[in-house]
Structures are given as C-alpha cells and as structure tokens.
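Heads up, the thing below is written out as structure tokens.
The values are calculated or read from the model by the stated rules, or taken from the named source; none is laboratory data. Only a predicted model underlies this, so the values are computations on that prediction, with no experimental measurement involved. Cβ: placed from backbone, ideal geometry, glycine included. Neighbour counts: every protein chain shown. Please note that ligands, DNA and RNA were not included when accessible areas were found on the heavy atoms of the full protein model with its side chains. Shrake-Rupley method; radii C 1.70, N 1.55, O 1.52, S 1.80 Å.
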Amino acid sequence: MSCGVKTLGQFIIEKQADFPYAKGELSRLLRDIGIAAKIVNREVNKAGLVDILGDIGTTNIQGESQKKLDVYANEQFISALSSGGECCIVASEENDDIIYIDSAVSHNAKYIVCIDPLDGSSNIDCNVAVGTIFSIYRRKSTEGKAVMDDVLQKGTAQVAAGYVIYGSSTMLVYTTGKGVNGFTLDPSIGEFCLSHPEMKIPAHGTIYSINEGNYVHFPTGVKKYIKYCQVEDVESRRPYTSRYIGSMVADVHRNLIKGGIYIYPTTASSPNGKLRLLYECNPMAFIVEQAGGKASDGRNRILEIEPAELHQRCPIFLGSADMVAKAEELMQLYGAQADSQAAEDKLRDLNIIGGLD
Ligand code: P6P
C-alpha cells in the first residue's frame, strides 16, 4: 500500500488491540461488511444502466414497495455475513423475521447484525445518495441456537455500528465505541481508505433536517423548535438553514461533518415515528454519541430504549448536542401534544421564544 494510505482492513487490525478479549472475529465481521458494501456500491453506481432500478412489485413488512436494489443489497449483505462465519443472526429491514445463519462455518458465531441494507432507496431512481446502516451485538445466549432475545438488546449493548453512504464518493463510517472513523472508497485500488479520522460533530450547528410537509401533524414541541430555528438572532446564528434530502444516511452524514440536527418525530402516518430502532436509530445514535453528539426520542436517550419487537419504530432527534438539547427543552415544555399557555408564558420568561407566534 502506498505510504500515507491506511486501508479499512489495516485500520481494523491495528485497532484490534483495543479489544484484548477479541480473537479477530469482530475484525473479520467488519471486513465482511466492507466487502458487501463494495459489491453493492458497484451496482448502485451503475443503476440506470442496467435493469436494476424500479420496483419488483412486492412490499416489505414496513409496507414499503421493494426496489430491485433493496433486494439486491439485502442479498449481498446476507451472503457476505453468511459466508464470513462470524454472524449467527441477521435482522434486516427487508425481512419480516430474523434470519438464522447456521452453517458449519458459522457454527460458533457470536455476533448479531441488524441492518438496513439500502436506506433511502426510494431516491435511487433520481440519483440521490442512499446508504446502508448496520448495528452489531454480541449474542447474550451462551449455548444452542441464538434466539430473538439475542437481537432485542438496548442500543447501549452495541459492540459496533456504522453506515455506508453511496454518494458523490462512497464512504464507510463506523465506531466500536472508541471514536468514529470514516473511510472513502478508492475505486482505483478497490479499498476503503482512512479519510476522516476521529470524526467529531460540532456541538452547535446551523442546519435542521426535517420533513416540514408533515408540520400540521407534528407534536407542538417540534413546531416550536422549527419556529425557534427560523427566528432571527445573530448571536445564535439563527435563522438556521433547512436541508432535508429524504435519505437519513445523507442527512446524518452531512450533519456529522458540518453540525446540525435530524428530526423524524411522530406524525399522523407514523404515530410512533418512521425510523426503526434496531437498524436505523440505534446505530446512528451510537455513531453520533461517539462523535460527541446527542440522540433522543425527544425525551429519552435512544440507546436506553428497551426494544420490544423487531421492526419497532421510534421518534428520533439526532445530531449536535446543543441543538438536540434545545429541541428536547421545547418538547419537555410543550409535551408531545399539549400547547399550554403556561408553557408559553415560561418560554417568554426564559426569553426562549421572543418573537415566536
Ligand atoms: P419521508 C427513507 O425512506 C427514510 O427511512 C430515511 O432515510 C429518510 O430520512 C426518511 O425515511 C424520509 O421519510 O417521510 O420524509 O419521505
């Protein structure tokens, strides 16, 4: 490898020393994910030239129409995880139930992978950045076949989490609980190379990402936060900038680099929020917290939520710590629905909403 370039594989091996108990299994698992990401990247990059765009006429458990690339990406990650031998269960957005990887090679596998193989795929047809989001747990059960209980673990139990963004360049960003590092795919050598070491999200950003088309159905606290973002205030660099791509990985990645907040609250069509806890909210929360940011459902830390079911959804407020804290403050004051005059008076007293309607 030319001097100065550190590949994902080299980095993983180098960091293996961070886990004295590790015997290389997690390293191999991350390698398997990197390989699948390169294969998916190849197809995403030529989508439009080959017959891999559009719907396949089926819907997943979420009721979302499945795109050819959704299914292709899902197959690639499951295949890589199956043959890699380190994973015993895959929980995928694209599959109703958990997938047991039980073969000779994975007989003693101890890792669980929760994955959204291609998030934002509805944007594929218009060439908008999409991504893969993954979360890795160690199984809790110690004998026999791993079970659902091994999957339904709190986000605090994650041993690793990451995402791949298939954008103007393809990047893999991940954490094992010791900071966040970003790797950019160099197509000329087919390797992810360390390009963003020790990523930190600015404590205060000026970008807010939310689908304001759902405004009328937002909790009052969210409405007040949006208005707070739009009020002129030089000292706090407001009004903020609104940026919403409609692809979580793209919005979160931009906010991770520039600072900002991504919010998907409860709406009329998504009374529990739209994003899924196990393979979207938890991994992104782990990454953003490791980068110095904050992740909550508007009140409680995402990583502390006790999962009850596989495809459980939750509201998410994710990004720069100061911005999430302010949004939580307004959610606390206004609650999910109540729009009490007392809260309004308190906000005025605190001079938080001077000029708010
Ligand atoms: P809406 C994509 O379907 C996704 O899961 C996220 O990537 C994205 O941020 C969100 O949903 C977009 O949802 O309702 O604003 O179109």
Please report the net charge: other residues with Cβ closer than 15 Å to the Cβ of E309, K and R +1, D and E -1. -4
Length-normalised contact order for the chain - Cα pairs under 8 Å, 6+ apart - percent: 15 percent
Reach of K23 by Cα under 12 Å, taken over aspartates and glutamates that are not fewer than 8 positions away in the same chain: E86
Can you order the peptides 189-202, 84-97, 310-323 by their average number of other Cβ atoms within 10 Å per residue, highest first? 310-323, 84-97, 189-202
Which of K178/K227; K15/K294; K140/K294; K6/K140; K15/K140 have a Cα-Cα distance over 30 Å? K178/K227; K6/K140
Segment 207-349 accessible area per residue, 1.4 Å probe, protein heavy atoms, integer Å², reads 39 Å²
Shape parameters for the chain, alpha-carbon atoms, Rg then Dmax in Å: 20.5, 66
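Using a 1.4 Å probe over the heavy atoms of the protein chains, calculate the carbon and sulfur portion of the accessible area of the chain as a whole percent.
Of the solvent-accessible surface of the chain, carbon and sulfur hold 49 percent.
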Helix-only [θ] at 222 nm, the chain, -39500 (n - 2.57) per DSSP H run of 4+, per residue, nearest 500, equals -9000 deg cm²/dmol
Accessible surface, per residue, of segment 8-196 when the full set of protein chains is kept, probe 1.4 Å, Å²: 41 Å²
Run the quick spin-label model on S188 and A104: label points 7 Å from Cα toward the beta carbon, then report their separation in nm to one decimal. 4.2 nm
Stretch gain in nm, segment E306-A203, where the contour uses 0.36 nm per residue and the Cα spacing is subtracted: 34.4 nm
With Cα atoms, 0 to 90° folded angle of helix 220-230 axis to the chain main axis: 80 degrees
Enter the Cα centre distance for the pair segment 256-310 and segment 118-186, rounded to the nearest angstrom. 14 Å
What do you get for the angle between helix 25-46 and the principal long axis of the chain? Use alpha-carbon atoms, 0 to 90 degrees, nearest ten. 80 degrees
